[in-house]
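Enquirer: Starting off with a structure, shown below.
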Amino acid sequence: MTSSDERFMRRALELAERGRGLTSPNPMVGAVVVAPSGAVVGEGVHMKAGAPHAEIEALRAAGPRARGAMLYLTLEPCAHQGRTPPCATAIVGAGVARVVAPLVDPNPLVAGRGFEVLRRAGVEVAVGLLAEEAALQNRVFFTAMRERRPHVTLKAAMTLDGKIADTQGASRWITGERARARAHRLRSEADAIIVGVTTVLRDDPELTVRLDEPWPREPYRVALDTEGRTPPGARFMSAGDPARAVVAVGDGVPEERVRPLRAVGATVIRCPTRDGRVDLGFLLGELFAREVRGVLVEGGGEVHAAFLDAGLVDRVAVFLAPLLVGGRAAPSVVGGAGRELKNGVRLGPLTVTPVGDDILVEADVIRGPREA
Ligand SMILES: NC(=O)c1ccc[n+]([C@@H]2O[C@H](COP(=O)([O-])OP(=O)(O)OC[C@H]3O[C@@H](n4cnc5c(N)ncnc54)[C@H](OP(=O)(O)O)[C@@H]3O)[C@@H](O)[C@H]2O)c1
């Protein structure tokens, strides 16, 4: 691989980024076609499921100049008929001489088959360039494909002393306007937003994406509510498409309890219970089956603790406000029974971003045995 290979791959990754939050259940993908002279003759981005894949856009832009050219692609081309025809065949048909890609597509429908089609047709294939960058860009898609469940980000806003509400349960607004706007950006990248029923009863959130510009995708708005206590008039029920308001109840809840929820158009998912509460793994499986790939868990502390205890958190995103409220009874960002220090959930390197007067701290959860 050469330095120009890296330059074109960086450009492809930059193009892919334009699809952030728009492509689910598909990954973000960018493509660049480069003629033997070194001139870029076509670029493409995958902008939404059902729309052309990035390589098809780029090949279209290149036209006959794709013959003998190199194609830089941020993910393996598909080899199956999905919402659109297989891309690997189109690449061969266009006469591309060499394909450079960072990664094999973890989607079992692709998983090496796209490269196989290319190689068999005599196209040179180079895999591995900027693999780490490409995997991070599509971390949600990769986790979802590997785990066969959505990628889970735990998101909260807390005071410097770790409280997500005061002793009265008030939590509006801990952070400033810019942090709240950033939180809506996080929502725009998710396919579902999950809260506990206590948060629904106390805060009555809408769980919608509210950005300066209208957002074309609407995440599911989900309440964890074992006993079916969600009021049919709760704001998240009517804040968008009623069917995308989901109440996850225990399987023992009598039908008359959930009938009023169904009557306002909500989707009720009956879940088995674990320790008397909605089984989170089951619910994530149900959401995955509805094409949810990325989930934002927005509290409260009990729900955060439950996801962590179930080993179902991949990433945390915590806004930290320059505020102290104290109070033994005020909820903290992770409730539950707590852990011994030696059993704490370990996080990878913290990314710290100032957002207005607040800061956003993000990190991935580290799995596997603890290092000595
Ligand atoms: N600052 C922030 O970012 C932020 C965000 C959200 C909330 N808050 C604040 O947090 C407070 C509420 O937090 P909270 O911890 O008391 O309650 P919570 O986490 O919102 O809700 C907990 C309830 O969810 C239900 N639930 C269903 N399945 C569950 C499961 N598998 N695991 C855990 N819970 C499950 C349980 O009730 P059932 O057993 O009846 O189902 C449980 O009691 C409020 O004061 C709110 O203002 C702050």
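The values are calculated or read from the model by the stated rules, or taken from the named source; none is laboratory data. Fair warning: this is a prediction, and the values are worked out from it, not measured in the lab. Counting neighbours? That spans all protein chains shown, and the Cβs are built from the backbone with ideal geometry, glycine included.
A quick yes/no check of all residues on (1) under 22 Å from GLU6 (Cα atoms); (2) more than 19 Å from the chain's Cα centre (by Cα); (3) loosely packed, with under 15 Cβ neighbours inside 10 Å:
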site: VAL96; (1), (2), (3): yes, yes, no
site: ASN138; (1), (2), (3): yes, no, no
site: VAL152; (1), (2), (3): no, no, no
site: ILE174; (1), (2), (3): no, yes, no
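Enquirer: Specify which of the listed residues (ALA248, ALA190, ALA266, ALA223) is out of contact with any helix residue (DSSP H, G or I) (no Cβ under 8 Å at 6 or more places or on another chain) and in the same structural domain as ILE164 (by TED's automatic domain parsing).
Expert: Working: ALA248 fails: out of contact with any helix residue (DSSP H, G or I) (no Cβ under 8 Å at 6 or more places or on another chain); ALA266 fails: out of contact with any helix residue (DSSP H, G or I) (no Cβ under 8 Å at 6 or more places or on another chain); ALA223 fails: out of contact with any helix residue (DSSP H, G or I) (no Cβ under 8 Å at 6 or more places or on another chain).
From the options ALA248, ALA190, ALA266, ALA223, the qualifying one is ALA190.
Enquirer: Somewhere in segment 336-357, is a residue near the ligand (Cβ under 10 Å from one of its atoms) and of a type outside the set (Phe, Trp, Tyr)? Outline the logic, then answer.
Expert: Residues of segment 336-357 near the ligand (Cβ under 10 Å from one of its atoms): 336.
Within this subset, residues satisfying the condition of being of a type outside the set (Phe, Trp, Tyr) are 336.
Checking segment 336-357: at least one residue is near the ligand (Cβ under 10 Å from one of its atoms) and of a type outside the set (Phe, Trp, Tyr).
Enquirer: In segment 178-204, what residues are in contact with an Asp or Glu (Cβ under 8 Å, 6 or more places away or on another chain) and within 13 Å of the ligand (Cβ to nearest atom)?
Expert: Selection gives ALA179, ILE193, ILE194, VAL195, GLY196, VAL197, THR198, THR199, VAL200.
Enquirer: Another question, if that's okay. Can you tell me which residue is surrounded by the most Cβ atoms within 10 Å (Cβ to Cβ) among those in segment 99-136 that are part of a loop (DSSP other than H, G, I, E, B) and small (Gly, Ala, Ser)?
Expert: First, pick out the residues of segment 99-136 that are part of a loop (DSSP other than H, G, I, E, B): 102-112, 121-123, 128-130.
Still in the list and also small (Gly, Ala, Ser): 111-112, 121-122, 128.
Working: ALA111: 15, GLY112: 12, ALA121: 13, GLY122: 8, GLY128: 12.
Residue satisfying both the conditions and the ranking: ALA111.
Enquirer: Looking only at segment 286-319, count how many residues are within 16 Å of ARG244 (Cα to Cα) and away from the ligand (no atom under 12 Å from the Cβ).
Expert: Number satisfying all stated conditions: 10.
Enquirer: Which members of segment 216-241 meet the condition of being assigned to a loop (DSSP other than H, G, I, E, B) and within 22 Å of GLU256 (Cβ to Cβ)?
Expert: ASP225, THR226, GLU227, GLY228, ARG229, THR230, PRO231, PRO232, GLY233, ALA234
Enquirer: Now, a different point. I'd like the full set of residues that are of a type in the set (Lys, Arg) and crowded, with 22+ Cβ neighbours inside 10 Å, limited to segment 156-172.
Expert: Selection gives LYS163 alone.
Enquirer: Restricted to segment 55-98, and to residues that are in a loop (DSSP other than H, G, I, E, B) and of a type in the set (D, E, K, R), which residue is farthest from ALA134 (Cα to Cα)?
Expert: Quick first cut of segment 55-98, residues in a loop (DSSP other than H, G, I, E, B) only: 67-69, 74-86, 94-97.
Filter once more, so that each one left must be of a type in the set (D, E, K, R): 67, 76, 83.
On the way: ARG67: 26, GLU76: 11, ARG83: 23 Å.
Restricting to residues being in a loop (DSSP other than H, G, I, E, B) and of a type in the set (D, E, K, R), the top hit is ARG67.
Enquirer: Give the residue that is farthest from the ligand (Cβ to nearest atom), with candidates limited to residues of segment 272-285 that are touching a Lys or Arg at 6+ places or on another chain (Cβ under 8 Å) and either of a type in the set (Gly, Ala, Ser) or not assigned by TED's automatic domain parsing to the domain that holds GLY336 (or both).
Expert: GLY285
Enquirer: Follow-up. Are any residues in segment 167-176 more than 17 Å from ASP357 (Cβ to Cβ) and more than 8 Å from the ligand (Cβ to nearest atom), and if so, which ones?
Expert: Selection gives THR167, GLN168.
Enquirer: Also: Taking segment 26-46 on its own, how many of its residues are of a type outside the set (A, V, I, L, M), surrounded by 16 or more Cβ atoms within 10 Å (Cβ to Cβ) and not in a strand (DSSP E or B)?
Expert: Adding up the residues that qualify gives 3.
Enquirer: Next question, about the same structure. Looking at segment 160-177, is at least one residue modelled with pLDDT of 95 or more and assigned to a helix (DSSP H, G or I)?
Expert: So far as segment 160-177 goes, yes, one or more of its residues are modelled with pLDDT of 95 or more and assigned to a helix (DSSP H, G or I).
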